[in-house]
Each structure stands twice: as C-alpha cells, then as structure tokens.
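Novice: Got a structure for you, questions after.
The values are calculated or read from the model by the stated rules, or taken from the named source; none is laboratory data. These numbers come from a predicted model, not from an experiment. Every residue, glycine among them, receives a Cβ derived from its backbone with ideal geometry; neighbour counts consider all protein chains shown.
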Amino acid sequence: MVALDIHERIPALGSKIAKHTMKEQISDKIAYLICSGFLRVGDELPSERELAKALGVSRETVRGAIQSLAGRGMLEVSQGARTRVVRSDGFALYEAVTTLSELKNYSPQTVYEARMTVESAVVRNAAGHMTKETLQHLDRLLAVQATLFDDPSAFQISDREFHEVIYRSCDNPLLAKFVSDLYAYALDVRRHAISRPGAIRKSYEDHLKAYEAFASGDAEAAVTAMSSHLVTVYTTSQEFGKNRNG
C-alpha cells in the first residue's frame, strides 16, 4: 500500500520531515481536509468503517487518528452518533492552508489552466512509473468508490486519495506537490458540486477510464482521461458557483 504521507505534499520544500506513523498520517489527512475548508465546523465525518475503506487503512488506525484530533479539540466524538467537526483553527499544518489562501488570489480560470498543464505532465510521467502495487491500490480505491455514490464526503476523501496515489507515482516530487496543492484549490465549492445528482457516478467513471489506461500502459490515454475528468470537475464547479452567486 502506498503511504498516505500528507507531509510530503506540504510546500515547505527545504525542510526535512520525519516519517510518521500511519495514525499520524491519517490524522493529518483529516485535519488538512478541515483546514482546507472541505470539512467544516458542524460537519459529520463518515463512520470509522467508511473512512477506513475510503483511506485503505484499518478501523483501528482511523479510530486512533480521530481520537488524536478529538484530543486536540478539532473533533467531537459522541457515543451512538457520528463524529463532528468542532474546530478548524490552530492546526500545525498552517503552511499548507496559507498556500491554498494564496492560490485564491488568482482567478479560477488561471488555477484551472495551471492545473491542466501541470497535471498532464504529472500523469504522463506517472504512467511510466506505475507499479503493480500502485495499480492494485487504485483498483481498491475504485472498488470503494463504486459503493459511495450516495456519500459525497466519503467519496471526496477517496477521490483525493485516488488522485494523489497517481501524483506520487511521478518521479518529480516538486511537480507532484504543486499539482496536489492545485487539486486542493476550491474544495469549498467542489464539496457542494459533488453533491449534485450524477456527479459522483461521473467522477467514478472518469477514474475507471484513467485506471484502465494506466493498467494498459497507455500514457496518452491516461492523460486524455484525466484531462477530460478535470474539464468535468471545473465545469460543474463553475456551474455551481454561478448558481450560488446568481
């Protein structure tokens, strides 16, 4: 299984980051979603079982990560109820959030064009370095996503993993980190757009096409599939933004 190390995606390129336990990695993963705006104060997290499936880890790992965040006051765990987000400030990964804030100084079109350019290069590179283990990881994520058509929060978590498993296959870590930050841009809009009827199924189908291209070793088909997916994501997010502001 490919490690879910969020620290490798933080744009503190010159710093040396120590390796963390899987529990810490998942804790950072959830906290990052909170600080990026995807999960907000008052939102409920998917169940431990659903999170474990979406992230490809054990329920014990998820439970430990949740308890860690609860101890820091970010989550509230109640017996017989889903865990809720109760705090979004004071998180140590403020560097990543600052980067996202800086990206919002640019227009959505500018960020979209940058992501399209960088992601195409990353996907083409990743296709040439895709291992059997990575393909198996993507396949497992797809199997989970096929069960999440009615659960936008869990699907978005798995969606992020799907993209970043691909990004981490690129042998240029700077490009991989940059496109990861571009992905995180406008999650506050995407979290609502993904809830529209048919949006999750369409994303899943796009993922499946990309996986099939990677599995067959066709780099250009993979780039085409991921680019088409990005066009859909951008279009639906823009449509939601217009409807929300109209």
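Novice: When only residues in the stretch 188-200 that are outside any helix (DSSP H, G or I) and farther than 20 Å from Leu45 by Cβ count, which is modelled with the lowest pLDDT?
Specialist: Taking the candidates together, the pick is Arg196.
Residue-by-condition table, conditions (1) more than 13 Å from the chain's Cα centre (by Cα); (2) without any contact (Cβ under 8 Å) to a residue 40 or more places away in the chain; (3) part of a helix (DSSP H, G or I):
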{"site": "Val118", "(1), (2), (3)": "yes, no, yes"}
{"site": "His137", "(1), (2), (3)": "yes, no, yes"}
{"site": "Ser158", "(1), (2), (3)": "no, no, yes"}
{"site": "Phe162", "(1), (2), (3)": "no, no, yes"}
{"site": "Tyr167", "(1), (2), (3)": "no, no, yes"}
{"site": "Asp171", "(1), (2), (3)": "yes, no, no"}
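Novice: In the stretch 129-187, which residue that is under 18 Å from Ser47 (Cα atoms) and acidic (Asp, Glu) is surrounded by the fewest Cβ atoms within 10 Å (Cβ to Cβ)?
Specialist: Only one residue fits best here, namely Asp150.
Novice: Next question, about the same structure. What is the one condition in (1) at pLDDT below 90; (2) under 22 Å from Asp159 (Cβ atoms) that Leu75 does not satisfy?
Specialist: Every listed condition holds for Leu75 apart from (1).
Novice: Tell me, yes or no, whether the stretch 226-236 has at least one residue that is aliphatic (A, V, I, L, M), under 23 Å from Leu135 (Cα atoms), modelled with pLDDT of 95 or more and in a helix (DSSP H, G or I).
Specialist: Yes, the stretch 226-236 has at least one match.
Novice: Does the stretch 168-176 include one or more residues that are outside the structural domain of Leu55 (by TED's automatic domain parsing), in contact with a Phe, Trp or Tyr (Cβ under 6 Å, 6 or more places away or on another chain) and at pLDDT 90 or above?
Specialist: There is no residue in the stretch 168-176 that is outside the structural domain of Leu55 (by TED's automatic domain parsing), in contact with a Phe, Trp or Tyr (Cβ under 6 Å, 6 or more places away or on another chain) and at pLDDT 90 or above.
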